[in-house]
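A.B. asks: What follows is a structure written as structure tokens; I'll ask about it next.
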Amino acid sequence: MFENLSDKLDLVFKKLRGQGVMTEENVKEALREVRLVLLEADVNFKVVKDFVEKVRSRAVGTEVLQSLTPGQQVIKIVHDELVALMGGGEDNSLDLAAKPPVAIMMVGLQGAGKTTSCGKLARYLKGQRRRPLLVPADVYRPAAIEQLKTLGRQLSIEVVDARADQDPVDICRDALQYAERSGFDTVIFDTAGRHQIDDFLMDELVRIKGAVDPREILFVADAMTGQEAVNVASGFNERLDITGVVLTKLDGDAKGGAALSIKAVTGRPVKFAGIGEKLDALEVFHADRLVSRILGMGDVLTLVEKAQSVFDAKDAERLQQKLKKSQFDLEDFKAQLQQIKKMGSIDSILGMIPGVGKMMKQLQGAQPSEKELKRIEAIIDSMTRAERANHSIINGSRRLRIAKGSGTSVQEVNQLLKRFTEAQRVMKQLQKLGPKGLMKGMGGLGKGMFPFS
Amino acid sequence: MAEEQKGFFRGLMGKLVGGDAQPQETVIPPASEPEVRPGFFERLKKGLSRTQENLIGRIDTLLLGKKQIDADTLEELEEILLTADIGVATSVELIRALEQRLKRNELQDGEALKRALREDILARLEKYAAPLDINTSTPFVIVVIGVNGVGKTTTIGKLANRYAMSGKRVLLAAADTFRAAAAEQLEIWGERAGVDVIRHQEGADPSAVVFDACKAALARQCDLLIIDTAGRLHTKVNLMEEMKKIRRVVGREIPGAPHETLLVLDAATGQNAISQAKLFKEAAEVSGVALTKLDGSAKGGIVVAVSNEFQLPVRYIGVGEGVDDLRDFDPQQFVAALFQ
């Protein structure tokens, strides 16, 4: 997600690490690098200025100069300040503590991802055992109402009927009354995209706000936004007093500096992050984790959480036992692949592992795609149970049969078996190393790690 | 007051939905509302005023009271350019050029420096600027690509209207089969412009839509076929492959096509636009850029970077949500508005 930024900060800090003693000069140089990196990451220049000043005042002085590992110290200061800037430790959960139906308004520029975020949010709330109602209040963009209705159908969530010739304020007022009558406890209003300098449309938002008295007004921001993010966010905030931010399109390679700017300028926390096109690709936003990721420390917590929600504890136990006895067979291998697939795309998983962000760059092109995973599954599916348990019995004629059965070639079957043998060998080695040697071992693995690359 | 608002509202609605019944209305706004539809240049200037505040305002502050331009000033200027969303490489280039002139003693004061900067930016934009000529081939095929939410479909609607108005036979292909109601959105634009739209069911193979559209364009002897693709982040390998396939299909069915691959960029996008342009160009041989949402407060700064770093002409700019709010990109006008 933020590989580029962490790469660059890494470079900066490599220089710092090389220094025996930290001088005021060194800090200055490092801070100039930090500043450029942040500017390149689309953080607003005013925010960058303040931030660098804060770090400077903390860094230059006894704290750093007397420290034994100055580089580490600066990293820590930058990290802490970034977390503070992003509002780390603050409560950024959705505030729905009001008399139902609770109204949530989504606002933002055109194309920021409001409608999609509405759908994702509704799905999230449904998962929280709430009963959300979706309200299309975008009468300007062609087929915007239809889009929300389609999303509602996909999610089995009711969407209020509206026509493009209605006044959005009326639609919202009526929808709220309807929600009250019909027992919906949360109402999500999808408003039309607009520029913050468009007085007419901004007035309309103010009137909708007056009509539905929303508990939450979420500003939907595109992670790719440049310097302008500050003006847009403060424009919306001044008129509407937003309560939070949804940062979308974070699954791209945008550095997402806009998030820093928006938080710094409006003081409103980022509450959710959109990380994909599918309707389950919405995450609760974690400031400290994001900052850790910016600094290349990986996002192990998210990974662990994700894994926990997907992996079956019993399965994991069984697998561990098997690993201990070195009985890891193709059946387990397939089960693992399926679990990995459940957790999301391989890219997004690898991105969360510390240190892998950089490795990914080298691996580019060698990345196993979802398609390849499917092929591997097909190959394993075409094996008999005996073959899966003991791959050494797979001889030439068996290979031919498997290839035919899975619609692949013998070469591909061979490749899979070869990779699998390698993986098995690696597993054995890891067992010997124990958990501490795991990371060390991983570094040296390279390609052998993925039997399917 | 309320009536005035209603009048405006109705006017806006008329502009948006009235197109199918009376297409004339979309071009000639009713006489009652000239004040709410300022001239194009005014709007562009208004939109750019924010950029101006940052770019020129800050350069002025920087140069205030400085009799001589030195290296430190240039360094700060580099930062200012960077914050105007003019990418790193282009900012460095611009500064290098200024340094050269400084060495030759060509820049005596702030005014001279500003003029030099303006000329440099203009030169970079003009170098690649070229309006799109759709008469070079029949049918002329435009594939419109970009990340999610930049305004691809809206841009296509405006393009369709513009060329339909000038008497061309236009056909639209709704190859965005992923996003909910994307095809419906294109159909509404098609109705407004009075052109046909080829579409399939949601979730269909986009290449199949394109195949049908190509066949239809040939059969109906269309002059222009515009293909709307789904928004895709440039980092998603599979989606980029899908886009390559669309282009392959077009090329197979209509030799020489696509004649134009138009990358749509949002004016509010920051440095990421450079990454977008790079990866889209690698995957789809982008041949032109359309810059949208310039009616907001967003900067046009990225255009300078994208055009300069990838030798791409900026073809169109979008300055509003109306069907006629699409213009040819004019570097002179753009830079003039930027520096006014």
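The values are calculated or read from the model by the stated rules, or taken from the named source; none is laboratory data. Here the structure is a predicted model, which means the values were calculated and not measured. Virtual Cβ from ideal backbone geometry, glycine too; neighbours counted across all protein chains shown. Remember, those area values only see protein heavy atoms, side chains included, never the ligands or the DNA or RNA. Shrake-Rupley method; radii C 1.70, N 1.55, O 1.52, S 1.80 Å.
A.B. asks: What's the total number of residues in region A:187-211 that are crowded, with 22+ Cβ neighbours inside 10 Å and of a type in the set (A, V, I, L, M)?
C.D. replies: Final tally of qualifying residues: 4.
A.B. asks: Restricting attention to region B:159-173, and to residues there that are among the small types (G, A, S) and open to solvent by less than 70 Å² (accessible area, probe 1.4 Å), which single residue is farthest from the chain's Cα centre (by Cα)?
C.D. replies: B:G167
A.B. asks: Here's a follow-up. Provide a single number: the residues in region B:90-111 that are surrounded by fewer than 18 Cβ atoms within 10 Å (Cβ to Cβ) and modelled with pLDDT under 80.
C.D. replies: Qualifying residue count for the region: 5.
A.B. asks: State yes or no: is A:I393 under 33 Å from the mean Cα position of the chain (by Cα) and either open to solvent by 50 Å² or more (accessible area, probe 1.4 Å) or modelled with pLDDT of 85 or more (or both)?
C.D. replies: Answer is no for this residue.
A.B. asks: Would you mind telling me which numbered condition in (1) at pLDDT below 75; (2) part of a helix (DSSP H, G or I); (3) away from every other protein chain (no Cβ under 14 Å) A:G88 fails?
C.D. replies: All conditions pass for A:G88, except number (2).
A.B. asks: Ok, one more. Of all residues in region B:125-143 being touching a helix residue (DSSP H, G or I) at 6+ places or on another chain (Cβ under 8 Å) and either open to solvent by less than 30 Å² (accessible area, probe 1.4 Å) or modelled with pLDDT of 95 or more (or both), which is nearest to A:Q147 (Cα to Cα)?
C.D. replies: So the residue we want is B:V143.
A.B. asks: Any residue in region A:270-284 that's within 12 Å of another protein chain (Cβ to nearest Cβ) and touching a residue at least 24 places away in the same chain (Cβ under 8 Å): show its pairings with residues that are open to solvent by 50 Å² or more (accessible area, probe 1.4 Å) and not in a loop (DSSP other than H, G, I, E, B) at Cβ separation under 9 Å, as long as the two are six or more apart or on different chains.
C.D. replies: Partner pairs satisfying both residue conditions: A:L279/A:R123; A:L279/A:Q154.
A.B. asks: Has region A:405-413 got at least one residue that is at pLDDT 75 or above and hydrophobic (A, V, I, L, M, F, W, C)?
C.D. replies: For region A:405-413, residues at pLDDT 75 or above and hydrophobic (A, V, I, L, M, F, W, C): present.
A.B. asks: Taking region B:79-110, which residues are more than 14 Å from every other protein chain (Cβ to nearest Cβ) and within 28 Å of A:N231 (Cα to Cα)?
C.D. replies: Listed by number, the residues that qualify are B:E93, B:L94, B:G110.
A.B. asks: Report yes if some residue within region A:100-109 is open to solvent by 40 Å² or more (accessible area, probe 1.4 Å), more than 12 Å from chain B (Cβ to nearest Cβ) and not in a helix (DSSP H, G or I); otherwise report no.
C.D. replies: Yes - at least one qualifying residue is present in region A:100-109.
A.B. asks: Consider only pairs whose beta carbons are under 6 Å apart and that are at least six residues apart or on different chains; among these, list those whose first residue lies in region B:273-284 and is among the aromatic types (F, W, Y) and whose second residue is at pLDDT below 90 and not in a helix (DSSP H, G or I).
C.D. replies: B:F280/B:H234
A.B. asks: Tell me which of these A:L38 doesn't satisfy, since it passes every other one: (1) within 20 Å of B:E79 (Cβ to Cβ); (2) surrounded by 18 or more Cβ atoms within 10 Å (Cβ to Cβ); (3) at pLDDT 80 or above.
C.D. replies: Exception for A:L38: condition (3).
A.B. asks: Kindly evaluate B:G146 against the criterion of being within 14 Å of chain A (Cβ to nearest Cβ), buried (at least 24 other Cβ atoms within 10 Å of the Cβ) and out of contact with any helix residue (DSSP H, G or I) (no Cβ under 9 Å at 6 or more places or on another chain). If you could, list the steps in order and put the result at the bottom.
C.D. replies: On the way: within 14 Å of chain A (Cβ to nearest Cβ): yes; buried (at least 24 other Cβ atoms within 10 Å of the Cβ): yes; out of contact with any helix residue (DSSP H, G or I) (no Cβ under 9 Å at 6 or more places or on another chain): no.
Answer is no for this residue.
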